[in-house]
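Structure, as structure tokens:
The values are calculated or read from the model by the stated rules, or taken from the named source; none is laboratory data. Not measured: the values here are computed from a predicted model. Neighbour counts run over all protein chains shown; Cβ positions are idealised from the backbone, glycine included. Heavy atoms of the whole protein, side chains included, go into the accessibility calculation; ligands, DNA and RNA do not. Shrake-Rupley method; radii C 1.70, N 1.55, O 1.52, S 1.80 Å.
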Amino acid sequence: MPTAIPPEFIDLLEGEALGHLATVRADGTPHVTPLWVDHDGDTLLVNVRLDRVKAANMRERTAVALSVVDPRNPHRFLAVSGRRSSESRPRAFITRRATPRYRPTDSPDYPTFHSALYSLRPD
């Protein structure tokens, strides 16, 4: 897996494509869910509800994998494995970056929930 995000795939992280995050459950089995993705250079960013399994998995076990498939060409994708490196509050991520990309202006409001922004560093 790449230690740097190849430039030809950055558009997948800056568009409307959903990522699929794989985390590891306590019993060692994988858990995979779709989510919003972004990046800060070669650091991947994912917004996760704190009351979800993936958040608990990442707090306890840092190993993760993420794939993002091009919605216009399903044979083009980015796949990265690495480690969860940090957790922060996502307000700026949600309001300035992710919401305009993933939610149309005419979509209904989502309920308020507590979430965290996790940084993922490729191995």
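Backbone amide hydrogens, once placed in the peptide plane, bring Arg52 within less than 5 Å of nothing, excluding anything fewer than 5 places away on its chain. With equal scatterers on the alpha carbons only and no solvent term, can you work out the Debye log10 of I(q)/I(0) for the range 1-88 at 0.17, 0.20, 0.25 1/Å? Cα-only, vacuum Debye calculation for the range 1-88: -0.68, -0.93, -1.36. Estimated at the nearest 10 Å², the accessible area of Asp51 is 100 Å² with a 1.4 Å probe.
For Phe9, what is the net charge nearby, where nearby means another residue's Cβ is under 12 Å from its Cβ and Lys, Arg count +1, Asp, Glu -1? Please list the in-between numbers first.
Numbers: positive: Arg76; negative: Glu8, Asp11, Glu14, Asp42, Asp70.
Here the count lands on -4.
Here the scattering of the range 26-77 is modelled by Debye summation over its C-alpha atoms, one equal scatterer each and no solvent; at q = 0.18 Å⁻¹ the log10 of I(q)/I(0) is -0.71. Between Ser85 and Arg52, the simple label model (points 7 Å from Cα in the Cβ direction) yields a spacing of 2.2 nm.
Beyond 15 Å, what percent of the Cα pairs of the range 1-46 remain?
Values: 533 of 1035 pairs.
Cα-Cα pairs of the range 1-46 separated by over 15 Å account for 51 percent.
In this structure, the amide hydrogen of Arg76, modeled 1.01 Å from its nitrogen in the peptide plane, lies closer than 5 angstrom to those of Asp70, counting only residues at least 5 positions away or on a different chain. Couplings 3J(HN,Hα) for the range 68-85, derived from phi with the Karplus relation 6.51 cos²θ - 1.76 cosθ + 1.60 (θ = phi - 60°), are 9, 9, 5, x, 8, 8, x, 8, 10, 8, 10, 10, 9, 10, x, 10, 6, 10 Hz, where x marks Gly and Pro.
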